1. For the chain, what proportion of DSSP beta bridges, expressed in % and rounded to the nearest 5, is antiparallel?
2. Quick check: with the 1.4 Å probe, what order do Met217, Met123 take by accessible area, largest first?
3. As an exercise, find the ratio Rg/Rh for the stretch 245-310 from alpha-carbon atoms, using the Kirkwood inverse-distance average for Rh.
4. Along its three principal axes, how long is the stretch 168-251 when you only count alpha carbons? Whole Å, largest extent first please.
5. Measuring from the lowest to the highest alpha carbon on each principal axis, how far does the stretch 205-262 reach, largest first, in angstroms?
6. Report the FRET efficiency, 1/(1 + (r/R0)^6), for Leu137 and Thr163, where r is their Cβ-Cβ distance and R0 is 51 Å, rounded to 0.05.
7. With n ≥ 4 as the cut-off for DSSP H runs, can you work out [θ] at 222 nm for the chain, using -39500 (n - 2.57) per run divided by the number of residues, rounded to the nearest 500?
8. Expressed as a fraction of 2.2 N^0.38 Å, the rule-of-thumb size for a compact globular protein of N residues, what is the C-alpha radius of gyration of the stretch 79-213?
Amino acid sequence: MTWSDPEVQTVLPGIHRAPVPLPDDGLRAVSVYVVEDGDGVTLIDAGWDSPVARQAVQAGLDAAGAGVGDIRRILVTHVHYDHLGQATALVREGAGGYWLGKGDEGTFRNITTDPLASRQARMTELTRYGAGELADLALARQGLDTIRFDFDEPDRWLDDGDTHETTDGPVEALWTPGHTSGHLCFLHAGRRVLFSGDHVLPHITPSIGLEGVVNRMALADFLSSLARVRTLDVDLVLPAHGPMFSDLAGRVDELTAHHDDRLAACLRAIRPGTTGDALGTARALGWTRRQTDFAELDLFNQVLATWETAAHLELLAARGELEREETPGTIRFRR
């Protein structure tokens, strides 16, 4: 059995992991955690919004002997659709309200007000990083017709340190920006468990820089957030993608080392005395653990790779290792 197989897994007494399938996505699934809470349950994340995904969440509720009306609260780690997607639908079915990180409010407003304009704004920024052709292809090929954006307002915008009280003690929101500006991990200190969302994943690194409100210091935020959670006293990490694991500090060190390596590779890709952009630098790097050539990536992953490269170049510029040159239409970096 692998983590993305459809069977619900009881990871600890009273904590059930429901793998919710993702359509046409290399990640395969997102884990929704159903936490028994007295005569009700608390959900960590809501999963994609589709009939198949709804059945997967119901299977998780069944494992806890609960129905939708027994959901006291839905704690959403961040604004991306595979985590937020079903939150409003579940609340409209009778669940208690959902909470979302305050740092994601800007993106939430953009995608609920005009999702097409939000995407176009991101692609305009991608064009400034040298990837105008990719941006045009992404706008033409990636429609929004399969995604519902009629979200109701969260019942609460969570700040760092806010808590949700359960019968086993408080679940604390830890602000861990980087993957998104408002990403939250949820610490259940009484159970010695960290629900890490997309912040600390066991096998992959989360995307950096792809969100509705551009954050040029996303990588700096991510590395600071990694350092913050490294010393948490937990026995188990429950991520949104991939199997649960126990060595939080070890995995944080691996992620930090990976980005140190990528920063060095980005710096090498821009030769002394020359100027480069994010797309050209991304093309000079290998991608995934297999060091796949940029040209072999599909369109979506080429876009992700360019955004991530931009985040690394921005951090190098902030550290003074590159000079940043910005005009209304371009953002370039000089060695």
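1. Working: 35 of 48 bridges.
Within the chain, antiparallel bridges account for around 75 percent of the total.
2. Working: Met217 65, Met123 15 Å².
Accessible-area ranking of Met217, Met123, largest first: Met217, Met123.
3. On the way: Rg = 13.5 Å, Rh = 13.0 Å.
Dividing the radius of gyration by the Kirkwood radius yields 1.04.
4. Dimensions of the stretch 168-251 along the principal axes of its Cα atoms: 37, 26, 19 Å.
5. So the three principal-axis extents are 35, 22, 18 Å.
6. Details: r = 44 Å, r/R0 = 0.87.
It comes to 0.70.
7. Details: 10 runs with 117 residues, N = 335.
Helices in the chain give a 222 nm mean residue ellipticity of -11000 deg cm²/dmol.
8. Working: Rg = 16.6 Å, N = 135, 2.2 N^0.38 = 14.2 Å.
Cα Rg divided by the expected 2.2 N^0.38 Å: 1.17.
The values are calculated or read from the model by the stated rules, or taken from the named source; none is laboratory data. Every value quoted in this text rests on a predicted model; they were computed, and no experiment measured them. Backbone-built Cβ (ideal geometry, glycine too); neighbour counts: all protein chains shown. Accessible surface is based on the protein model in full, side chains and every heavy atom, while ligands, DNA and RNA are left aside. Shrake-Rupley method; radii C 1.70, N 1.55, O 1.52, S 1.80 Å.
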